[in-house]
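The values are calculated or read from the model by the stated rules, or taken from the named source; none is laboratory data. In this text the structure is predicted, and so the values were computed from the model without any measurement. Here the Cβ positions follow ideal geometry from the backbone for every residue, glycine too, while neighbour counts run over all protein chains shown.
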Amino acid sequence: MLEIKDLHVNVHGKEILKGLSLKVPPGEVHAIMGPNGAGKSTTSYTLAGRAGYEVTKGEIDFFGEDVTTLAPEERAARGIFLAFQYPLEIPGVSTMNFLKTAMNSQAKIRGEKELNAAEFLRAVRAAAKELNISEDMLKRPLNVGFSGGEKKRNETLQMALLKPKLAILDEMDSGLDIDALKLVAEGVNKLRSPERSFLVITHYQRLLDYIVPDVIHILAGGKIVLSGDKSLALQLEQNGYDAVIAKAA
Amino acid sequence: MTDSLSESLLGAMEQRRGAVAPWLGALQGQATEVFKREGLPNRRVEAWRYSDLAKALRDDPVADATPVVPPSLQRAALAAFVDGALDDNASSYAQIGAVNLRTALGEKDSPLAAIIGKVYPQAGHPLVNLNTALLEEGLALRVPAGTKLDLPLHLRFLWTGAGSDGRHLRLLIQLEEGAEATIYETHDGAPTFSTVVTEFTLAKGAKLTHIRQESFLAGARQAAVTLGEIADKATYRAFYFSQGGQFARHEALLKLAGEEAHAELDGAVMVAGGRHCDNTTVIEHAAPNATSNQVFRSVLAGSARGVYQGCIKVGQVAQKTDARQLSRALLLSHKAEIVTKPELEIFADDVKCSHGATAGELDANALFFLRARGIPEAEARAMLIEAFFGEALDKIENEILREAVAKNVSFWLTTHAGEAAHVE
C-alpha cells in the first residue's frame, strides 16, 4: 500500500530526511519512533503534502502511484489521512460544515456521489455516538474551546467519517492525560481493519501500549536505522534511544 | 475654485437652494459659502489624506458592468431609490410611518425638521456641508416612544449612473424613548458621484440597528456620513459591509451623550481589483459609563486599498468610559494595502481605552489542515475568509438580514474567486 523509497526532504533549505525507506502493507500498524529532531514530524507533513517540505530525491508510492507531487487534497482523496499533533482551532468554521465539506470534497475528487443532508447527518451521528462525542461539540466552531482530549477525539471522528486507507497519527498522545489517551486509542482501535493501515509516529513508548503495532521503526538522523517487532519499544524504554541507535549502527 | 467641476457644483448649489423646503435656504446658503472657501475634500486635509475625493472625482470614471437590481426582502418596509430619486410607487415605507424628506421638512417646526443640520457637531465638515447645499431627496423616520418596529426599513439604493453634479441624499431618523428599529441600507450599481448623510438621534433606552451594505460596481464614487447622538442607556448597533469602489467612504460620527449609552460597530470590508474603501469613525464619549466597541475586518485582494481611521474622544466628564477598537486585515496579495490610523484623545482619568491593528495573510496552518482533509485550496481559502467575518455576521439578530448579508459575502467570494485564491 505505502512504499517510501529513499526519501530526501529539505525544509528551509536544510536536509531533514536523508534516505528514508519504508513499506507498510495493508491492514498493518507500523510505528515510527525516534528522538527529538530525528525527522518524525517532517515525515508526517511530507506524506500529507505540506508546502515547504521539499522532496529532493526519492518517492512516495501509494497503491503503486507516486504521490510526491500531488496537492494535499488530492492525497487526502486517495486515502491518506494525517491526524495532527496539535489540531487547529478555526473560529467561524462550524464543525458540521467542515465535516460535510471535507467528505463531499473528497467524494467529488474521486468522482463519487456526494452525500445529501440526511445521509450526512446519519453518518455523523452514528460515528459521534461510537466515539462518545456530544451533539454540543459538533455544534461548536471547529475545535474552539475543546480540551486536548476532545480535539484528538474530533480527529478520530474525522478519520471515521473520511475512511482513509492510511492514517498517519502524529504524536497522538501529546497533551493527553492517561484517561484521555485510553479513550482516543480505543477510538483508533475500533477503526483498525484489514483494508486500513496506520503509521503511528511517537516519541514515547506509552502510546504503543494502547495502539499495539505490528512493526516498529526507529528513525534517527533522517533515516530508518532499525526495524523490529513491538519488543523494540521495550528495549527503547529500558535503554534509551542513544544505546539502541548505537547498537544498530 | 476655478475648475469646471467646482463651478458646476456651485451652480447646482445656487439652483437648489431652498428647493426642498424654502426655510432651508439659509442653512444651504451658509453651506455654499463654506464650499466656496474650502472646496472639495482633498488629501491636504488631514482627515482626507488617504482618501482624496477631489482627485477621485476628477479622475476618469472606471468603466463598469450593468448594475443588477437587488432582490426585495421578505418582511421589510421598502424605500426604493433609483439614481437618488425615491420611487414612491415601488416603496412601502409608509407602513412603518416613514415619510418622504420633502414632507418631513415641509414645516420648519415639525420635530424631524428640527434635527436637520443639528445632530452632532458637523459645522465645517466638508462632505456634510456639500450634501446640505445640494440635498434633493431623502427619507425621514420617527419612531414614537416605546414603539418597537417589527419590520426593518430597507433603504434600497440602486445607482445606474447619474448627472455630473451627483445625487445627494439626506436621511433623518429619530427614535424616541425606548423605541427600537432596524435599518437595512443597501447600495448597488455605480453612482458617478453621490453623497448620503444620515442624521439620527436615540432618546433614552432606544435601540437602533443599522446595517449598511455597499455592493458597488467598480466605478462607484460615493461618500457617506452617519451622524448620531445616543442618549443614556440607548444603543446603536451597526454593521458596515463594503466592497469599495472607485471611491467609497463611510464615516460614522457618533456622540455618546448619556450615561450607559453604547455604540457597537462591526465593519466588514472586501475589496479587490483597484478599488478603494475608507471607513472613518469618530466616537465621542461625552457622559460617564458609556461604552463603545468597534471591530473592522478587511479582506484586500488585487491592488485594492483599505483605510480605517478610528478616533475616540473621551471628555473630562466621561469617567468610567470603556472604549475599544480593533482593525484586522487579511492581505491576499502583495499589492493590496491597508492604512490604519487610530487616534485617542482622552481627558478623563478613570477610563479603559484600547486600540489594536493586525495585518497578515491567511493562516497557513489552518489552510493546510483544511486541505489535508480533502478541501481544495480555493475552497479552503474561501472558508477561512468567510470564517473571518463569521463573528460579525453572527451578531446580526434578524435572521433574514443575516442571511442576506452572508449571501453577499459568499457572492463576493464566488465572483472574486480568482483573486481570493491566488497570491500575486
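Do you know which of the residues in region B:270-292 that are in contact with a His (Cβ under 8 Å, 6 or more places away or on another chain) and not in a loop (DSSP other than H, G, I, E, B) is surrounded by the fewest Cβ atoms within 10 Å (Cβ to Cβ)?
B:T291
Select from region B:34-66 the residues that are modelled with pLDDT of 90 or more and among the small types (G, A, S) and write down the one among them that is farthest from B:G306 (Cα to Cα).
Among those residues, the one meeting the criterion is B:G39.
B:L135: at pLDDT below 95, in contact with a helix residue (DSSP H, G or I) (Cβ under 6 Å, 6 or more places away or on another chain) and at negative phi, yes or no?
No.
For region A:82-93, which positions are more than 8 Å from every other protein chain (Cβ to nearest Cβ) and either buried (at least 22 other Cβ atoms within 10 Å of the Cβ) or not in a loop (DSSP other than H, G, I, E, B) (or both)?
If the condition is that a residue be more than 8 Å from every other protein chain (Cβ to nearest Cβ) and either buried (at least 22 other Cβ atoms within 10 Å of the Cβ) or not in a loop (DSSP other than H, G, I, E, B) (or both), then A:A83 is the only one that fits.
Results for (1) under 19 Å from B:L367 (Cβ atoms); (2) surrounded by 19 or more Cβ atoms within 10 Å (Cβ to Cβ); (3) of a type outside the set (A, V, I, L, M); (4) at the interface with chain B (Cβ under 9 Å from one of its Cβ atoms), shown as yes or no for each residue.
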{"site": "A:I80", "(1), (2), (3), (4)": "yes, yes, no, yes"}
{"site": "A:T95", "(1), (2), (3), (4)": "yes, yes, yes, no"}
{"site": "A:F98", "(1), (2), (3), (4)": "yes, yes, yes, yes"}
{"site": "A:A102", "(1), (2), (3), (4)": "yes, yes, no, yes"}
{"site": "A:I109", "(1), (2), (3), (4)": "yes, no, no, yes"}
{"site": "A:L115", "(1), (2), (3), (4)": "no, no, no, no"}
{"site": "A:A118", "(1), (2), (3), (4)": "no, no, no, no"}
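How many residues does region B:319-345 hold that are surrounded by fewer than 21 Cβ atoms within 10 Å (Cβ to Cβ) and at negative phi?
Result for region B:319-345: 16.
Look at A:A185 and say whether it is in contact (Cβ under 8 Å) with a residue 12 or more places away in the chain and within 15 Å of the chain's Cα centre (by Cα).
Taking the combined requirement at face value, the residue satisfies it.
Of the residues B:F247, B:F239, B:F193, only one is touching a helix residue (DSSP H, G or I) at 6+ places or on another chain (Cβ under 8 Å) and modelled with pLDDT under 95; which?
Just one listed residue meets the conditions, B:F193.
Somewhere in region A:55-74, is a residue within 22 Å of B:A364 (Cβ to Cβ), crowded, with 19+ Cβ neighbours inside 10 Å, at the interface with chain B (Cβ under 10 Å from one of its Cβ atoms) and without any contact (Cβ under 8 Å) to a residue 60 or more places away in the chain?
Yes, region A:55-74 contains at least one residue that is within 22 Å of B:A364 (Cβ to Cβ), crowded, with 19+ Cβ neighbours inside 10 Å, at the interface with chain B (Cβ under 10 Å from one of its Cβ atoms) and without any contact (Cβ under 8 Å) to a residue 60 or more places away in the chain.
Could you say whether any residue in region A:237-245 is closer than 26 Å to A:K182 by Cβ and buried (at least 16 other Cβ atoms within 10 Å of the Cβ)?
Scanning region A:237-245, I find at least one residue that is closer than 26 Å to A:K182 by Cβ and buried (at least 16 other Cβ atoms within 10 Å of the Cβ), so the answer is yes.
Of the residues B:A140, B:A181, B:A133, B:A224, which single one is within 23 Å of B:D52 (Cβ to Cβ), in a strand (DSSP E or B) and among the aliphatic types (A, V, I, L, M)?
Criteria check complete, one pass: B:A224.
Residues to consider are B:K255, B:K320; find the one that is more than 20 Å from the chain's Cα centre (by Cα), within 29 Å of B:F347 (Cα to Cα) and among the basic types (K, R).
Going through B:K255, B:K320 in turn, just one is more than 20 Å from the chain's Cα centre (by Cα), within 29 Å of B:F347 (Cα to Cα) and among the basic types (K, R): B:K320.
Would you mind stating whether A:L162 is hydrophobic (A, V, I, L, M, F, W, C) and within 14 Å of chain B (Cβ to nearest Cβ)?
Spelling it out, A:L162 is indeed hydrophobic (A, V, I, L, M, F, W, C) and within 14 Å of chain B (Cβ to nearest Cβ).
Would you mind stating whether B:A387 is closer than 18 Å to B:Q213 by Cα, without any contact (Cβ under 8 Å) to a residue 40 or more places away in the chain and part of a helix (DSSP H, G or I)?
Considered against the rule, which asks whether it is closer than 18 Å to B:Q213 by Cα, without any contact (Cβ under 8 Å) to a residue 40 or more places away in the chain and part of a helix (DSSP H, G or I), B:A387 comes out as no.
For region B:122-134, which positions are in contact (Cβ under 8 Å) with a residue 60 or more places away in the chain and surrounded by fewer than 19 Cβ atoms within 10 Å (Cβ to Cβ)?
B:Q122, B:G124, listed by residue number.
Has region B:159-166 got any residue that is part of a loop (DSSP other than H, G, I, E, B), buried (at least 18 other Cβ atoms within 10 Å of the Cβ) and either under 17 Å from the mean Cα position of the chain (by Cα) or at pLDDT 90 or above (or both)?
Within region B:159-166 (the criterion being part of a loop (DSSP other than H, G, I, E, B), buried (at least 18 other Cβ atoms within 10 Å of the Cβ) and either under 17 Å from the mean Cα position of the chain (by Cα) or at pLDDT 90 or above (or both)), the answer is no, since none of the residues qualifies.
Name the single residue, out of those in region B:385-412 being under 20 Å from the mean Cα position of the chain (by Cα), of a type in the set (D, E) and within 14 Å of another protein chain (Cβ to nearest Cβ), that is farthest from B:L153 (Cα to Cα).
B:E391
For residues in region A:186-222 being of a type in the set (G, A, S) and surrounded by 20 or more Cβ atoms within 10 Å (Cβ to Cβ), which is farthest from A:L20 (Cα to Cα)?
So the residue we want is A:G187.
Could you grab me the full set of residues in region B:353-384 that are under 18 Å from A:G52 (Cβ atoms), at the interface with chain A (Cβ under 10 Å from one of its Cβ atoms) and outside any helix (DSSP H, G or I)?
Matches in region B:353-384: B:D363 only.
So for region B:410-421 (the condition being under 21 Å from A:Q106 (Cα atoms), in a helix (DSSP H, G or I) and small (G, A, S)), does at least one residue qualify?
Scanning region B:410-421, I find at least one residue that is under 21 Å from A:Q106 (Cα atoms), in a helix (DSSP H, G or I) and small (G, A, S), so the answer is yes.
Look at B:A19 and say whether it is loosely packed, with under 15 Cβ neighbours inside 10 Å, over 30 Å from B:C311 (Cα atoms) and either β-branched (V, I, T) or in contact with a helix residue (DSSP H, G or I) (Cβ under 9 Å, 6 or more places away or on another chain) (or both).
yes
Where in region A:119-223 are the helices (runs of 4 or more DSSP H), entirely inside, with at least 2 residues that are in contact with a strand residue (DSSP E or B) (Cβ under 7 Å, 6 or more places away or on another chain) and within 23 Å of A:A77 (Cβ to Cβ)?
Qualifying helices (runs of 4 or more DSSP H): A:148-162.
Picking from B:V295, B:V299, which residue would you name as being within 14 Å of chain A (Cβ to nearest Cβ), β-branched (V, I, T) and surrounded by 21 or more Cβ atoms within 10 Å (Cβ to Cβ)?
Result of the check over B:V295, B:V299: B:V299.
Output yes when any residue across region A:44-51 is over 16 Å from the mean Cα position of the chain (by Cα) and either in a helix (DSSP H, G or I) or basic (K, R) (or both), and no when none is.
no
Name the helices (runs of 4 or more DSSP H) wholly inside region B:1-95 in which the number of residues that are under 20 Å from the mean Cα position of the chain (by Cα) is 2 or more.
Counting at least 2 such residues, we get B:53-58.
Being within 14 Å of another protein chain (Cβ to nearest Cβ), of a type outside the set (F, W, Y) and either over 20 Å from A:S227 (Cα atoms) or surrounded by fewer than 18 Cβ atoms within 10 Å (Cβ to Cβ) (or both) narrows it down to one of A:G13, A:G52, A:G37, so name that one.
Only one candidate passes the filter, namely A:G52.
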